[in-house]
Structure formats: structure tokens, C-alpha cells
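Below is one structure; the comments refer to it alone.
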Amino acid sequence: MQWGDLLPGLWSLFCHHGPPHGLLIQLGENDITLLQVIDLKKDMEALLQVMHSSYPNVTLLWSQVLQRRCCWWVRHPGKIKMVRRKLDKAVGHLVTSFGGFWIKYPNITLTDQDMYWTDGVHLSEKGNTQWVMDIRKAI
């Protein structure tokens with residue numbers, strides 16, 4: 001899923017089931033390698049502004065963009081790390097300014113190879129367990 005897919009999907013869900021009390025957003029990893037950072041940042045901020053304006057009683061929870069051990073189709077992996085940090089900081093601060101929460105994953109690190117499947121992109125069972133534990137701590 002990418003940022004452009006989020007809002008239409010949410011509108012559909014909210015129309016049928018009503019808005020939730022909270023919305024955890026774990027999205028952005030797939031967009032970082034495909035879009036210009038300035039455009040992606042603007043898209044992310046605009047979407048979150050619309051969400052907050054349309055549903056002010058929904059608590060937004062921003063889930064940190066996870067690191068990847070391998071970035072497909074990327075010439076300069078170091079730039080991806082910098083982009084990820086900039087996006088996380090911008091979006092995390094925006095969400096907290098709305099009264100939401102910024103969830104971070106300090107225990108999911110690139111140095112712990114067991115956190116990822118061999119593809120270097122997806123979390124392993126251990127990584128998923130840690131991810132869920134960190135979310136539970138945050139909420």
C-alpha cells in the first residue's frame with residue numbers, strides 16, 4: 001500500500017463503520033524509493049491535515065517508518081536513511097501537534113539480522129513480535 005491508497009480506503013471504511021477512536025498509520029516505506037522526498041512529505045502532511053480536520057476526535061498514531069536492510073531499486077541506500085529520518089520527524093511532530101502519538105521502534109535495528117526475513121525488507125516473526133510489543137507499550 002502507498003500513501004495515495006490510504007485516504008480512499010479510509011473513507012470507504014469510515015462510511016460503512018464510522019470513524020474509529022484511534023488510527024494507527026504504518027505507511028511510507030514503499031513510497032520512499034519511488035517519490036521525491038519533498039513531494040512525499042507534502043502528500044503525507046496534506047493527508048494527515050485532511051484526516052485531522054475531517055475527524056478531529058480520531059486519535060492519530062504515527063508508526064515510525066521502519067528501516068530496511070535492503071532497499072530495492074535504490075542507487076544510494078544512505079540517502080534513504082536520511083529521507084526516512086526527515087519524514088519521520090516531520091510527520092511525527094505533525095501528528096503529536098494534533099494530540100496524537102508517535103510510535104518508535106528502538107529495538108528493531110539493522111544490526112539484529114533476526115528481526116528481518118532474508119529479503120532484508122520484511123519483518124521476521126521476531127521482528128513482528130517486537131513491533132507489536134512496542135505498539136502495545138505506546139498505546
Check whether at least one residue in region 89-109 is over 30 Å from HIS52 (Cβ atoms) and either out of contact with any Gly (no Cβ under 8 Å at 6 or more places or on another chain) or of a type outside the set (Ser, Thr, Tyr) (or both), and report yes or no. yes
Any residue in region 101-116 that's over 15 Å from ASN128 (Cβ atoms): show its pairings with residues that are at pLDDT 85 or above and in a loop (DSSP other than H, G, I, E, B) at Cβ separation under 8 Å, as long as the two are six or more apart or on different chains. TRP102/GLN64; LYS104/GLN64
In region 103-139, anything under 20 Å from HIS21 (Cα atoms), out of contact with any Lys or Arg (no Cβ under 9 Å at 6 or more places or on another chain) and outside any helix (DSSP H, G or I) is listed as ILE139
Closer than 28 Å to GLU45 by Cα, surrounded by 14 or more Cβ atoms within 10 Å (Cβ to Cβ) and in contact with a Lys or Arg (Cβ under 9 Å, 6 or more places away or on another chain), is that true of VAL95? no
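The values are calculated or read from the model by the stated rules, or taken from the named source; none is laboratory data. Fair warning: this is a prediction, and the values are worked out from it, not measured in the lab. Reconstructed Cβ throughout: ideal geometry from the backbone, glycine too, with neighbour counts over all protein chains shown.
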